[in-house]
Structures are given as C-alpha cells and as structure tokens.
Amino acid sequence: MKADPAGVLTGSHYLDGDVACGEGAMAAGCRFVAGYPITPSTEVVERIARRFPTLGGTFIQMEDELASMAAVVGAAWTGTKTMTVTSGPGFSLMMENIGLAAMMETPCVVVNVQRGGPSTGLPTMVGQGDVMQARWGSHGDYEVIALCPQSPQEAFDLTIDAFNLAEIYRLPVMFLMDECVGHMTEKVVIPEADAIEVEPRRLTDKSPEEFGPYQINGGQIPEFARAGDGYRFHTTGLTHDERGYPVMNAECHDASVRRLVGKIRDNADSIVRFEEEGMDDAEVVVVSFGITARVARLAVEEARSRGIRVGFLRLVVIWPFPEKRIRELAGSVAAFVVPEINLGQIALEVERVAAGQAVTWPVNHAGGAVHDPDAITEIIVKAAS
Amino acid sequence: MTVATKSTTASQELEHPSAPLLRMERIPHVWCPSCGIGTVVKCYATALERSGVDLDKVSVVSGIGCSGRVAGYLKLDGFHTTHGRALPFATGLKLGRPELLVTVISGDGDLVGIGGNHFIHAARRNIDLLVILINNFIYGMTGGQNAPTTPQQARSSTMPYGNFETPFSLPHLAASSGASYVARWTCLHIRRLTWSIEEAIHKRGFRFIEVIAPCPTLYARLNKLGTGLDAMRFYHDTAVIRNDADTRELDISFQSEITCGKFVDEERPTFLDLMHNHYSDQLGDRYVPTPPEGGMLHEQ
Amino acid sequence: MSSKVEIRITGFGGQGVVLAGHIIGCACAIHAGRHATMIQSFGPEARGSACSATLVISESEVLYPYLRRPDIFVVMSGEGYEKYGQELKKDGTLVFEQDLVHPTTVEGQRAFGVPSTRLAESLGKTIVQNIVMVGFFTGVTQLVPDEAMRAAVRGSVPAGTEDLNLEAFDKGLEYARKSVSQPAVGVARPILEEVSP
Ligand SMILES: Cc1ncc(C[n+]2csc(CCOP(=O)(O)OP(=O)(O)O)c2C)c(N)n1
Ligand code: SF4
Ligand SMILES: [Mg+2]
C-alpha cells in the first residue's frame, strides 16, 4: 500500500543521517518507538519525539535498552509498526529481546548507529564493529536481515525498506548505520507519499477457532493476529508448536529453528541487495559497506586511473550475505579487498565464501576514523600484483 | 454466583469452574502439587469473569519462572516473555493499543530481582497495568536460589547457611515508587484476593497486588516448613489484615507475622492521562493521539 | 583549484557554528544544485570552547566527507583560530570575527575580517552574530548565489525569526560589499560558474 501522507515530509531537505532515518521510519508507518539516549543515535529519537504527537504515534523513553527492546516487541503485537534506536552499548543490552523478537517472529526495526567498541569505546566516533553482533548477537541459531546505508538519503530510503522487510519476513531487521553517516548532513529528497510503497501488517483472515499463531499453511511465514482482536492466542520465547504452546523436545526445536533460519536463507535471493561496478574486466574486487564503501570508491577510481582492473561491490543488505555473487566472482577474480572499520568481520565472510578460490585482503582499523583512501589504494595495488 | 453453580452441576466429568478461561488442553500444568501459583490463577480468572470486562481485550504478560508460566494457561491473549521484562513488554502493548486491559502476572525474582528497575519505573510512570506478583520468597524454577524477597535467616540453595541480605518489602517499594493501588494477600485469602483483583481491574494506573504463595518443593523443603497445607495453617495463624497500614511497617521476617490488606488506593493521573493532557495543552489541535484500537497501518 | 571546496567553521559554543554550517550547506545542496556534506564536531569537543563544523562542497558526489585541508576557514573565536588556524591551505581564505580573532596570515592566504558581533548588536540581538558572519562569508567568497543563501537562512532559522535573520544576513553581506573590493576568487571561481535557481 501507499504511505500515510501524515508521516511523509515530502520535499528536499538538508538532514543528517540520524534525522533522515527518523523520517524514514515515520514515512514507513512506524507509530511506536521506545528508546534510551545514546550517542551517536539520539537524534533519531529526538526527531521522532518531536513529530510523533502530531502523527498518532507514541514515543517513550524507557529506563534502559533492555526495556526499550521489550516494549518494542510488546507494541508490535498490537499491529503497530515499531522501532528502537541505539548504539553499541545499548545494542548489547537489546540482544536478549532481539532473540525474543526472532523467536516470537515479531516484525520490528532495530537501528544501531555504530560507534567504536568494545564497551563504552569511542562514543562520538565512527565504527563498524557490530556487523557480526548484528547477526549473531543473541544466543542460539536465527537469521536476521541487516541493511547498511552510506548516506543520509539512504538512511531515509533504506529505513523504509527495513520496515517492509520486517513485515514480509516477520523478524527484527537490523539497521546498521554508523556515526559518520548518522552525523553527516546532506541533501535528502523525500518523495510524495503515494510514491512510497509500504508493507502493511497483514492480519489473518481465519476465525479464532481455526487460527494458530505459528501455523504455516504451506509457506514459511505464519499469519498474524494482533492482541485485542478476540483470537486469544498465546506466544512464548520458549520453543513452541503452531499453537504457540511450549514443546520441550529436540524434534520440535529443530523444526522451529530450521524454519526461523530457512525463511531468510531460502529467500536470500530476493533479500540480498548490492551494487557493483567495473566487474567486466575486474581482477580485483573491493567489497565494502556503509561509509567505508564511499571512501573506498575513491580508492577504486584512483587504482583504475593507474590501470588496475578493479571492480567494486557495495553491500546494501549486509545480512543475508550475497554468497552466490561472491562465490561466482571468486571463480573469476584473483583477489578481494575488504576495507571495513573493524578488525576483519566481513573480510572473514568473504574469505569463507571465496573458499580459497581468490585471496582476501582485509584493510582495517578498529574505529575512530574513516579510512584514508590511499591506504585502500595501496592494498588494491598489492592485491593486483 | 455463576461460577459456584457451574462447579456443582457435576456430569460424569467435572468441569473446572474456570474452564472457559483456561487452556484446558494444556492441563496438566507444570506446577507442583500444592504450589500456590494455581490459586492465583483461579482467583484472577474468577475476578475477570465477575468484572464483566470484554475478555477479548485482556492481555496477560508473564516473565520467566514457575510464576511466569501463568500467561500460558489462561485463554486470553498471552505473552510469555523474557526473564524480568514482562513490565516493559506490557508497557509496549498498552501504549500500542490503549484500550487493552493489560495484566502482568509473574514471580518475585522476575519482577523485582532481574526486573527491579522496570518495576520502579513502571510504578513511577503510573502506567495502566495490573500487576500480580507471586511471592514465594525464592527462585522456584531454577531450584531454590536466593531472591530479593527471601527473608533473613531463611535458607535458599545459594544461601545454604541462611540468608543474611535484607529483603525488599514489596508494598513499600511499589507505594514509594508511585503505584496507585497496593495490596498484599496470601494464598489463603482467596475471597479477599479475588475481590481485590476485581477491584483493581476497574481501577486505572499502576495497580500492584502481592500474593504470598507457598513453594512446598523448594522454599518449604529447604526451610523444613512442611507441606502446602502447613503453609495454609501458617498463613491462618500469622497473617493479620490491616488495611491502610503504613507501608513502612510491612517487612516480612522469617516465619513471623505477615501483614495483609489494601494499603494504597489513590486515583492519580496515569502515564496516558499525563501524556494526553500535556500534548493537548502544548500542541492543541495539532495533537493526534494514538487511537484506542492502536496505531496500526490499515489497508485503505 | 579543483571543483571541490573544503570549509571549516569554528567558534565557541553558543555562537551558532553548526547553524552557520547548515545554512551554507543547505544553500549549496538544496538551492544551488551542488553536493554539500556537512559534519559537525561531537562530544566533549562540541561542548567546549572550540566548536566546529566542516563542509565539503563539490560539483560531484562527495565521497570523502571529511576535510583534508580547508580552502576556507571561517573563525569566530580566538580559541578556534588557535586550534585550527594551521590547517588552512597555503592559498586558502580566512574569514574572521575581527574583534575576537587576531590572525597572522601566511603569504598567499587572504584574510577578511568583519565585526560581526558589533553588527549583530546594532540589530539589537547578538544571537544573530553567526548569520551576520554567514552574510559576510557570502559576500567575500561569492561561493553561493545570494538568493540561495537567503533561501537557506529563511528555511533554517526558527519560525518567526526569519526577518531578523535576513536583516542580519544583509548586514554582513553589505559589509563585505563595502569593505572588500575583490572577492576571494581563487576559491570562488569553479563554483560560481553555474548558478541554479
Ligand atoms: C536472563 C536470564 N537469567 C536467568 C534465567 C534463569 N531463571 C529462570 S526462572 C528464574 C527465577 C524465577 O524466579 P521467580 O520470578 O521468583 O519465579 P518462581 O519460579 O519463583 O515462580 C531464573 C533465574 C533466565 N531464564 N534468564
Ligand atoms: S518449584 Fe515451587 S514455585 Fe515452582 S511449581 Fe514447584 S512449588 Fe510451585
Ligand atoms: Mg519466586
């Protein structure tokens, strides 16, 4: 369906990534946000707190991030689109109820404006060290979807996509921004509401007697009933059957977890999103994401001007990882160069998928600054020779 | 009273008087014989039936623990969440769809141990939640460890020489944090507890009812207190009812007097009242509140 | 000089450094068809005495959002000058609050001073000092068309204060016209050529 015009601030604006993300959420139909202040993410909720009372939305500043995430999962069961916003230390606290959202199959969006970690780390400076945490941070096996904007414009556009994916696949979607994109101000064009496609919560047509909150009906994603509509359903973070009743055995657990994982892995082709250029003759491919991808493009341009045949692949959706494409490329190129502001998280993934067919060259530092493009160029040159 | 009549018209198979409100297909439940939790479920179900509220609009939220299983046996929208987080989860439900009657039923370890911070803040906000805390003085589900409610001298598996920490007095904690309704009963006070829950259903704001419940399997065994029936005798002999008692005088010592009653019953503006009034003042016509049925995105 | 211009704006907290940066960036990106990326300093730095915002303005997409060495340095406090003065390019342009900053220019650099605080006082509101500075900046650099800047001022200041702020802007602009015979063309040329409505 089309976006509700009330939430859409149509026009050209000069916004930072945080504010653009908040606008994206409101355009996507988000009407409940719970959060706890933390640099460099707070501007997202500050924006929402200002606009929500005029949109029929509720913002609540909770007592901590455990509570924020729990409230977001609770509110999502009323059919409302919900979101929370944080950075590293708060993201760690949210893991508990991100797991609950995954297990209960609750659509919601978790924004993490990454800063340098571990622990309190570098509160005001950029990092990309939460990539693996976004995927594996809560215990047990599950899959998430994670998106990585590289500009305020994408902070707006991809936030809408994050909400839509959360609805389609019924899971918590991770929105992995970084301090640089969050605090960077650029032009953001917000289209008319009727040019924005939003995925509504689709409620079951079944009667309460026929309905089970985790019935699959031949597909992979259960139908939704919201609290207060007479379905009197039960849901739990325990392993459960299709009625949402706890079942404590290995068979049910295996089937449940395989479905949670399968609904993403089996649909990876439609979820995966990346941009590439210069692949036709590439010998070396730079793989990057978020702010680092922007800076890496300078290095790619420089290397090309020096006659190196280098291609560029930017991950827009970072999880699920574009395994197919990387595997394909690994068969035809000599090396991957993977710059990221952490000590090698996506590099590990590229290396795993390349499986020895091409060499992986990480270009890392732990956080606090974006890459110097020259440092990336240098590795491209090495990788090509 | 309809409930009583139903239970006496026995066919071959006696139906549980609260059957319409229970997930009978999940019986037998997980609780031990003579555990106090079932009593609370029965009192809550009876109170709900009597209250006349639309049961389709009632949600029950529990955390984790033996008491945390309550949500799983009630035929209502039920949410069995994470350990300690029932209150913030319930806060989200209530704010997402303000017309719901949201009840939190969970244990002492859950609500005031790991969830203690959420407890004081939910009370401070006076958010519209009915909270029933089942206090068995111990962490039951995990095998009898010390709780923030374990009386001094009482034994627990992690205080094998007896507890030396000072426990919370829960009515005092709730009242001083801002709850608008505060009561305490034991599992022996079935009628009073039921009546108190029913009364609280019709009130607004953060309503807190502590129920002292026997855990014969762990608390009683570790402390040589006998069976569930012995616990009832003990409540009978030592519980005193002092409505409106000063909440500073409600401490519970090991095997001594338990003061019960309703201690606080004050109408105060709730979180939603304050929010609506404030935004209406500040924003006038521009204020668009979340509709009672929730801010869901509807297909046009 | 490439088609990219790097600017640092600095002053003490409360002078509206970030708003000044926002207006310039907004004028370029929204009203003049450029790409403009602004970054503001955060953390203890942002609360202390030398608060700063940086802008990269370019004809094409800005890939590297941070400054290397500014082409233009707008400075509204002595401390800001101490902290960042060294960065300015050899042929860069310094724009400064002349009552608060006493620069020592290097050969090849150009320096333009304005008593922006006093000019703001003459309007009865010292708070618009930053907007006077923005007006002066517009006049001496001619980086962005006046009208684009005016539109950005109008759209960026609190509702109800537009007139006052535009008056402040014009004060600064006028001061630049009167006191500066020649704009800092070295900086302005490539950006000046194209003007979108
Ligand atoms: C984060 C987390 N920590 C620990 C546990 C283990 N755990 C399960 S129930 C429980 C204690 C419950 O105590 P209480 O709330 O008093 O419930 P009771 O079993 O006594 O009714 C604990 C510690 C858990 N499930 N999650
Ligand atoms: S362990 Fe205690 S609290 Fe848990 S069910 Fe048994 S008696 Fe009840
Ligand atoms: Mg307990």
Taking Cα atoms, the helix B:190-201 axis meets the longest principal axis of chain B at an angle in degrees (rounded to 10) of 20 degrees
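Determine the percent antiparallel among the DSSP beta bridges restricted to chain A, to the nearest 5.
30 percent
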To the nearest 0.05, the calculated FRET efficiency linking residue A:378 and residue A:220 through their beta-carbon distance, R0 being 41 Å, is 0.35
Subtracting the Cα-Cα distance of residue C:104 and residue C:86 from 0.36 nm times their residue separation yields 5.4 nm
Summing -39500 (n - 2.57) over every DSSP H run of at least 4 residues in the protein assembly as shown and dividing by its residue count gives a helix-only mean residue ellipticity at 222 nm, to the nearest 500 deg cm²/dmol, of -11000 deg cm²/dmol
Quick calc: nm separation of the 7 Å Cα→Cβ label points for residue B:124 and residue A:276 -> 5.3 nm
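Would you list B:276, A:371 from the most to the least accessible area, probe 1.4 Å?
From most exposed to least exposed: B:276, A:371.
Taking the Cα centre of the stretch A:11-195 as origin, sum charge times position over the Cβ atoms of Lys and Arg (+1) and Asp and Glu (-1), and report the length of that vector in debye to the nearest 20.
In total the dipole reaches around 260 debye.
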Once amide hydrogens are built 1.01 Å from N within the peptide plane, the residues lying 5 or more places from residue A:146 or on another chain with amide H under 5 Å from its amide H are A:174, A:318, A:319
Semi-axes a, b, c in Å (a largest) for the stretch A:1-71, each sqrt of 5 times a Cα gyration tensor eigenvalue, come to 21, 15, 9
Across A:233-243, the residue-averaged tally of Cβ atoms belonging to other chains within 10 Å stands at 5
Simple SL model, points at 7 angstrom along Cα→Cβ for residue C:154 and residue C:69; separation in nm is 4.0 nm
Taking every DSSP bridge whose two residues both lie in chain C, the antiparallel percent to the nearest 5 is 50 percent
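What FRET efficiency, computed as 1/(1 + (r/R0)^6) with R0 = 56 Å and r the Cβ-Cβ distance, is obtained for residue A:301 and residue B:243, rounded to the nearest 0.05?
That pair, residue A:301 with residue B:243, gives E of 0.10.
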Farthest towards the positive end of the dipole of the stretch A:143-255, among A:231, A:172, A:148 and with Cβ unit charges of +1 on Lys and Arg and -1 on Asp and Glu, lies the Cα of A:231
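Semi-axes of the equivalent ellipsoid of chain C: what are they in whole Å, largest first, if each equals the square root of 5 times a C-alpha gyration tensor eigenvalue?
Working: eigenvalues 87, 78, 59 Å².
Over the Cα atoms of chain C, the ellipsoid semi-axes are 21, 20, 17 Å.
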Yeah, the stretch B:37-76 with a ≥ b ≥ c from its alpha-carbon gyration tensor (a/c under 1.5 is rounded, else prolate when a/b outruns b/c, oblate otherwise) is oblate
If one compares the long axis through the Cα atoms of helix A:17-28 with the longest principal axis of the Cα atoms of chain A, the angle in degrees, nearest 10, works out at 40 degrees
Within the set A:169, A:14, A:142, GNM on chain A using Cα springs under 10 Å gives the largest fluctuation to A:14
Given unit charges at Cβ for Lys, Arg (+) and Asp, Glu (-), the dipole magnitude of the stretch A:105-161 about its Cα centre in debye, nearest 20, is 300 debye
Expressed in square angstrom to the nearest 10, the accessible area of residue B:242 with a 1.4 Å probe stands at 100 Å²
Per residue, the convex hull enclosing the alpha carbons of the protein assembly as shown has a volume in Å³ of 192 Å³
Here the residues of the stretch B:228-260 lying in the modelled label zone of residue B:152, meaning backbone nitrogen under 14 Å from a point 7 Å along Cα-to-Cβ, are B:251-256
Sequence order, the stretch B:118-133: Karplus ³J(HN,Hα) from phi using 6.51 cos²θ - 1.76 cosθ + 1.60, θ = phi - 60°, Hz rounded, Gly and Pro as x, gives 5, 4, 5, 6, 5, 5, 4, 6, 6, 6, 5, 9, 9, 10, 10, 9
Simple spin-label estimate for residue B:203/residue B:224, 7 Å along Cα→Cβ, in nm, reads 4.1 nm
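Provide a whole-number value for the mean count of partner chain Cβ atoms within 10 Å of the Cβ atoms in peptide B:96-107.
Details: counts 17, 10, 2, 2, 3, 1, 3, 0, 0, 0, 0, 0.
Average neighbour count from other chains, rounded to a whole number: 3.
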A convex hull over the alpha carbons of the stretch B:149-276 yields, per residue, a volume in Å³ of 116 Å³
Within the stretch C:51-159, DSSP-loop trypsin sites (Lys or Arg not before Pro) with at most 14 other C-beta atoms within 10 Å are C:68, C:90
If amide H atoms are modeled at 1.01 Å from N in the peptide plane, then the residues at a separation of 5 or more from residue A:34, or on another chain, having amide H under 5 Å from its own are A:60, A:83
Rounded to the nearest 10, the angle in degrees between the Cα long axis of helix A:373-384 and the longest principal axis of the Cα atoms of chain A comes to 70 degrees
Expected integer from the mean partner chain Cβ neighbour count at 10 Å over A:57-65 is 5
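Assign one of three labels to the stretch A:20-123, namely rounded, prolate or oblate, based on the Cα gyration tensor with a ≥ b ≥ c the square roots of its eigenvalues; rounded applies when a/c is under 1.5, prolate when it is not and a/b is larger than b/c, and oblate otherwise.
The shape class here is oblate.
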For residue A:115, other-chain or 5+-apart residues with amide H closer than 5 Å (H placed, Pro excluded) are A:88, A:127
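Given Cα pairs under 8 Å that are at least 6 residues apart, what percent is the relative contact order of chain B?
Worked out over chain B, it gives 18 percent.
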Answer in debye to the nearest 20: the dipole magnitude of the protein assembly as shown about its Cα centre, from +1 Lys/Arg and -1 Asp/Glu charges placed on Cβ, is 1480 debye
Largest fluctuation, C:112, C:169, C:96 only, Gaussian network model of chain C with Cα springs under 10 angstrom, belongs to C:112
With the dipole of the stretch B:24-283 defined by +1 on each Lys or Arg Cβ and -1 on each Asp or Glu Cβ, the option from B:70, B:243, B:216 whose Cα lies farthest towards the positive pole is B:216
GNM on chain A, Cα springs under 10 Å; top mean-square fluctuation among A:267, A:342, A:112 goes to A:267
dims of chain B, Cα set, principal axes, largest to smallest, nearest Å -> 64, 52, 33
Hull volume per residue for chain A, using the convex hull of the C-alpha atoms, in Å³ is 138 Å³
Here the percent of antiparallel bridges among DSSP beta bridges lying wholly in chain B, to the nearest 5, is 20 percent
Whole-Å distance linking the alpha carbon centroid of the stretch A:104-121 with that of the stretch C:148-175 is 39 Å
Relative contact order in percent for the stretch A:88-154 (Cα pairs under 8 Å, 6+ apart) equals 31 percent
In this structure, the FRET efficiency calculated for residue B:256 and residue B:24 from their beta-carbon separation, with R0 = 51 Å, to the nearest 0.05, is 0.80
For the stretch C:102-184, the convex hull over Cα atoms projects on average to an area in nm² of 5.7 nm²
Scaled by the rule-of-thumb 2.2 N^0.38 Å, the alpha carbon Rg for the stretch A:279-349 gives a ratio of 1.05
Mean Cβ-within-10 Å packing, highest first, puts peptides C:101-109, A:24-32, A:59-67 in the order A:24-32, A:59-67, C:101-109
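The values are calculated or read from the model by the stated rules, or taken from the named source; none is laboratory data. Note that the structure is predicted; figures quoted are calculated from it, not measured. We place every Cβ from the backbone using ideal geometry, glycine too, and count neighbours over all the protein chains shown. Please note that ligands, DNA and RNA were not included when accessible areas were found on the heavy atoms of the full protein model with its side chains. Shrake-Rupley method; radii C 1.70, N 1.55, O 1.52, S 1.80 Å.
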